[in-house]
Amino acid sequence: MSYAQNSFQNFLKPSDTLNAKRLKTIVITEAVIGTATLVALNQAWYADYPRSDFHFINDNAQWLQMDKAGHVFSSYHLGSFGANALKWAGANRKNQLIFGSTLGLAFLSAVEVFDGYSSNWGASLGDVAANVSGTALYVSQELVWNEQRIVPKFSFHTTPYASARPNVLGSAIQEQILKDYNGQTYWLSANIHSFVKTSTVPKWLNIAVGYGGEGMITGNDEFVNTVFLPESKRYRQFYLSLDVDLTKIETKSHLVKTILTVFNYIKIPAPTFEIRGSGGTKFHFLYF
């Protein structure tokens, strides 16, 4: 049992030098998973709709830009995964940034091409800009600080809005997490100790600012939301909260480190102060 545990720990430990076997495994795994995901996405989202010539649309005003925040988040974390995978294989830092951190940008660009050839959608320059921004957020921190001090995070709570249009906002919670922008909150979580090295603040303690939206039944305001917001329409939400950087929790176990790194994209529930774009403020004892 002890030998098996040590072997697994050694497997998870990043290589000090380039490990060709690990690198090959990463390349094949990413290619297979990426291709399979794009094929599945094509069947689920695009196959039932007519194709068109490649075209662009301007959707920057839709969903209070919550979808754009999602693109920044996804591009960052896919890039982070790509860079850490190459680090595990022992690739040098330059290759981690060039070939690893751009994984999210490459994948999401392929999705954007799918959108561009679908008559029901279209490629979005706003999405492209958000994808680039997510990748740039990761790369710039590595170049300037050699660490990730500010991490995009995500939280979600169910809302009554999905029941109004379950085909668009999701009928089950696993769909609503992806589709119901009313329940999504995107955060920028900054590690306090990373900015103030001499501080006595715990190394894992973060402060986070969040962004959300409320009252969205459609992308635009073509349908007045009189069911849930009889006196006003959709509005933005801004949050200030505490958070935890799971990667800063000290442990000698590479298994625990891996688990903490994987789940570090989730904002930890904490007391939160909310400012509403419709006017007014609210304090949440615990917000997620």
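Please work out how much length the chain gains when fully extended from residue 56 to residue 110, using 0.36 nm per residue of separation minus the C-alpha to C-alpha distance, in nm with one decimal.
Numbers: separation 54, 0.36 × 54 = 19.44 nm, distance 1.43 nm.
Contour length minus Cα-Cα distance gives 18.0 nm.
Please compute the Kirkwood hydrodynamic radius of region 109-159 from all pairs of different C-alpha atoms, in Å with one decimal.
13.3 Å
Which order do 181, 49 take by accessible area at a 1.4 Å probe, largest first?
Accessible-area ranking of 181, 49, largest first: 49, 181.
Work out the FRET efficiency for residue 140 and residue 45 from their Cβ-Cβ distance, taking R0 = 30 Å, and round it to the nearest 0.05.
Values: r = 32 Å, r/R0 = 1.05.
Rounded to the nearest 0.05, the efficiency is 0.40.
Please report the equivalent ellipsoid semi-axes of region 1-159, computed as sqrt(5 x eigenvalue) of the Cα gyration tensor, largest first, in whole Å.
Working through the eigenvalues yields semi-axes of 33, 19, 15 Å.
Which percent of the accessible heavy-atom area of region 240-288 goes to carbon and sulfur, probe 1.4 angstrom?
It is 71 percent, rounded to a whole number.
Round to the nearest 10 and give me the degree value, 0 to 90, for the angle of helix 103-116's Cα axis relative to the longest principal axis of the chain.
30 degrees
List the lysines whose Cα lies under 28 Å from the Cα of residue 87, skipping any in the same chain that are fewer than 8 positions away.
List returned: 13, 21, 24, 153, 197, 203, 248, 252, 257, 267.
Please sort 259-265, 66-72, 273-279 by packing, taking for each peptide the average over its residues of neighbouring beta carbons within 10 angstrom, highest first.
66-72, 259-265, 273-279
Rounded, prolate or oblate: which one fits region 104-201, using the alpha carbon gyration tensor with axes a ≥ b ≥ c (rounded when a/c is under 1.5, else prolate when a/b beats b/c, else oblate)?
oblate
Would you please give the residues with an amide H less than 5 Å from that of residue 267, counting only those at least 5 places away or on a separate chain, with H modeled from the backbone geometry?
Excluding prolines and chain starts, which carry no amide H, the hits are 154, 155.
How far is helix 125-145 tilted off the main Cα axis of the chain, in degrees rounded to 10, range 0 to 90?
30 degrees
Cα-based Rg of the chain per 2.2 N^0.38 Å, rounded to two decimals?
1.10
Kirkwood hydrodynamic radius for region 60-102: how many Å is it when counted over pairs of different Cα atoms?
Hydrodynamic radius (Kirkwood, Cα pairs) of region 60-102 is 11.2 Å.
Would you compute, for the Cα atoms of region 158-213, the largest minus smallest coordinate along each principal axis and list the three values in descending order, in whole Å?
52, 18, 13
Note the angle between two axes, namely the Cα long axis of helix 20-41 and the longest principal axis of the Cα atoms of the chain, as a number of degrees from 0 to 90, rounded to the nearest 10.
It works out to around 10 degrees.
The values are calculated or read from the model by the stated rules, or taken from the named source; none is laboratory data. All figures in this text were calculated on a predicted structure; none of them were measured in a lab. In this analysis, Cβ positions are derived from the backbone assuming ideal geometry, glycine residues included, and neighbour counts consider all displayed protein chains. SASA here: full protein model, heavy atoms, side chains in, ligands and nucleic acids out. Shrake-Rupley method; radii C 1.70, N 1.55, O 1.52, S 1.80 Å.
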